[in-house]
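First the structure, in the form of structure tokens, and then the observations on it.
Here, each number is a calculation from the coordinates, and none is a lab measurement. Fair warning: this is a prediction, and the values are worked out from it, not measured in the lab. Quick reminder, even Gly has a Cβ in these numbers, built from the backbone with ideal geometry, and neighbours come from all protein chains shown.
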């Protein structure tokens, strides 16, 4: 019986476990919250991500360790890696959790990004703003997600406030705002033997910095370019597991926004909408098993439930809808569930999606 | 948070729970085995099916109770039903668990069966054998499954032995052996409001009385007849939940073999191969939610692992294969897992199925 250790016990860990239990796997989660929503699917070590005793226990109980999120202290990852196989590797995690290291890697691998610059002072910020121009976004290098740790800069008047709010987290990143035609993401997976596989492109819609809707776009002409960028990262990092890359499309080009060294919200549709889900393929990769087929099955879209969930009965009344509740206390801006819609054709997808978006509010 | 109580904590309960956790449901299982393989997915009440205290606790903790198998004492079902909503209803369970009552219902509803007769003595048996002829099967009325509680009667010489072996469980059923062209099953589901839905026909292959392979046969011309029989049973019984009916096909006719008042092994392919699985639809039904789409998605087949499992790596290397291990100790004749294969066309299905059957041994 193989035991998989996961750092983090939220909804991503929960969906990894739901994919892994049928494979005969057992799970142990390290999560500081007593309410960690994956806890019921395995053993829960309730402790901080820098709790040496709990990290040691995780390493002892697990045959392999992975992550549901990247904001783990580097010394914790290093400690784990001394005692148990850890995938993706520490270098991948360290790169993905720091926007400047991440962008430096994009540069190194020839993956275009929006214009950016490191910011260490208010002077830096002012110089950069006059150099690159507005609108722009000021972001913390680490620990930002779902729109947190960011300030939108519309003009010179916003600079002092933004610095006052985020300056303590310096160094920051100044990013030119991209007037994109759409946001997409590519989810790739790489096995221990270097085998790679990619899901069809996801087209994503954000609101308030939080993902609202993803649609699979099998056959989209920009897919090959997105896959090429993702493959460069996977191979360069000697990556094992699922990697998501978020991209802005501008004309026929793609600019890398960020990468996530883990299963990703824009790939939740793969549970019902792809032959083998991102969750199962992540497990297959870190366990050294053959990767599964990543083809989409028909047309698929996913709608997030943020801050609260509609009546389950209403969601289940939408033909082809699949409900996923995370068993988390509703709070404003918190992801508490999603619904995936699978259909055999575009009109059916559009009709159902409209209903789900209305229910999501 | 709704809690579903299940009598039985084996692989069927496990797969019901795996379907229900994403819906935000919690589970409590009553099962006498400390190793019940569903236990890790909820709360396990370890006790016998006639343990009044444990039954009372199950009723107290659950908002609704269902079954993963029909061999529950009638007084236990009656006790539960006094304290908590129970689906399917006690009458359906009592009918399905007794071959003579079941066949009487088939007769009443005009559903043809193989010739049969009740047997209460060796004299009965001999008279019946000379009346109906050989080959035939002698079966216990209750508690038979997976080929247990049965004796094949090839000629008059087999009668004494068969009676010696099974007579203590009298009354028995004498059934004429049917020279069928194939075995099929139909899985239907009925909601609290009387809404019904049916999965595509399953074509089943048994060996040693145990199901080995099921294939979905969407569009099979005999489907309408099978659905008609299943609907008669569902409506007559005021049934709520999933009901499986096993049938022999002889020419253009179907003879009912038996029914199972629960999710069924021949419907495991619906997890990946139908829009909404039998497990989720069973939950939707007993919770009064809208039933989900039962359409098959492409071509699907399932192979059981009996007595042991192949190397998971070999199963996962088959493109489109989905592995389900039940976390049960291997024992001869015991179902310990299955694999489902989904494909977009017949040749791909045949090629993968051949590999899986070889692996299953």
Order the peptides A:315-324, A:103-112 from the highest to the lowest mean number of other Cβ atoms within 10 Å of their residues.
A:315-324, A:103-112
Copy-to-copy label separations for residue A:219, where each label sits 7 Å from Cα toward Cβ, in nm and ascending:
2.0
Can you compute the modelled spin-label distance between residue A:351 and residue B:101, with each label point 7 Å from Cα toward Cβ, in nm?
4.3
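Could you compute the FRET efficiency for residue B:108 and residue B:134, with r as their C-beta to C-beta distance and R0 at 30 Å, rounded to 0.05?
Values: r = 28 Å, r/R0 = 0.94.
It comes to 0.60.
Rounded to two decimals, what ratio of Rg to Rh does the protein assembly as shown give with C-alpha atoms and a Kirkwood Rh? Present the calculation step by step, with values, prior to reporting the outcome.
Numbers: Rg = 28.4 Å, Rh = 27.5 Å.
Here Rg/Rh amounts to 1.03.
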Could you rank the peptides A:14-26, B:155-167 by their average count of other C-beta atoms within 10 Å per residue, with the highest value first?
A:14-26, B:155-167
Within region A:150-166, what residues put their amide N at less than 19 Å from the label point 7 Å along the Cα-to-Cβ vector of residue A:121?
A:159-166
Which shape class applies to chain B: rounded if a/c is under 1.5, otherwise prolate when a/b exceeds b/c and oblate if not, where a ≥ b ≥ c are the square roots of the Cα gyration tensor eigenvalues?
rounded
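Relative contact order for chain B: what percent, with Cα pairs under 8 Å and sequence separation of 6 or more?
Numbers: 807 pairs, mean separation 47.7, N = 361.
Contact order relative to length: 13 percent.
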For residue A:1, project a label point 7 Å along Cα to C-beta. Then give me every residue of region A:253-290 with its amide nitrogen under 17 Å of that point.
none
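Dividing the alpha-carbon radius of gyration of region A:3-86 by 2.2 N^0.38 Å (N being the number of residues), what value is obtained? Let's see the in-between values first.
On the way: Rg = 11.3 Å, N = 84, 2.2 N^0.38 = 11.8 Å.
Ratio of Cα Rg to 2.2 N^0.38 Å: 0.95.
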Please compute the Kirkwood hydrodynamic radius of region A:115-176 from all pairs of different C-alpha atoms, in Å with one decimal.
11.1
Please compute the modelled spin-label separation between residue A:218 and residue A:81, points set 7 Å along Cα→Cβ, answer in nm with one decimal.
3.7
Reported to two decimal places, what Rg/Rh ratio describes region A:246-361 when computed on Cα atoms with Rh from the Kirkwood expression?
1.00
For residue B:164, which inter-copy label distances result when the label point lies 7 Å beyond Cα on the Cα-to-Cβ vector, reported in nm to one decimal and in ascending order?
9.8
With R₀ set to 22 angstrom, the calculated FRET efficiency between the beta-carbons of residue B:358 and residue A:193, to the nearest 0.05, is 0.35
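In the P(r) worked out for region B:179-240, what percent of Cα pairs fall beyond 19 Å? The partial results should precede the final answer.
Numbers: 722 of 1891 pairs.
Beyond 19 Å sits 38 percent of the P(r) for region B:179-240.
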Quick one: Cα centre-to-centre distance for region A:205-282 and region B:149-173, in angstrom?
63
For residue B:295, place a label point 7 Å out from Cα along the Cα→Cβ vector, do the same in each other copy, and report the separations in nm, one decimal, smallest first.
1.7
Mind checking A:287-293 for the average number of partner chain beta-carbons within 10 Å of each residue's beta-carbon?
5
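Averaged across orientations, what area in nm² does the convex hull of the alpha carbons in region A:38-195 project? Intermediate results must be reported in sequence, preceding the final value.
Numbers: hull surface 48.2 nm².
The number I arrive at for region A:38-195 is 12.1 nm².
Would you calculate a helix-derived [θ] at 222 nm for the protein assembly as shown, using -39,500 (n - 2.57) for each DSSP H run of n ≥ 4 and dividing by the full residue count, to the nearest 500? Don't jump to the answer; show the numbers that get you there.
Working: 24 runs with 228 residues, N = 722.
Computed mean residue ellipticity for the protein assembly as shown: -9000 deg cm²/dmol.
Mean separation of Cα pairs under 8 Å and 6+ residues apart, divided by the residue count of region B:182-360: what relative contact order is that in percent? Mind dumping the intermediate values first?
Details: 404 pairs, mean separation 37.0, N = 179.
Relative contact order of region B:182-360: 21 percent.
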Taking beta carbons within 10 Å but only from partner chains, what does the mean come to for residues B:322-334?
2
Region B:3-86: relative contact order as a whole-number percent, Cα under 8 Å and 6+ apart:
34
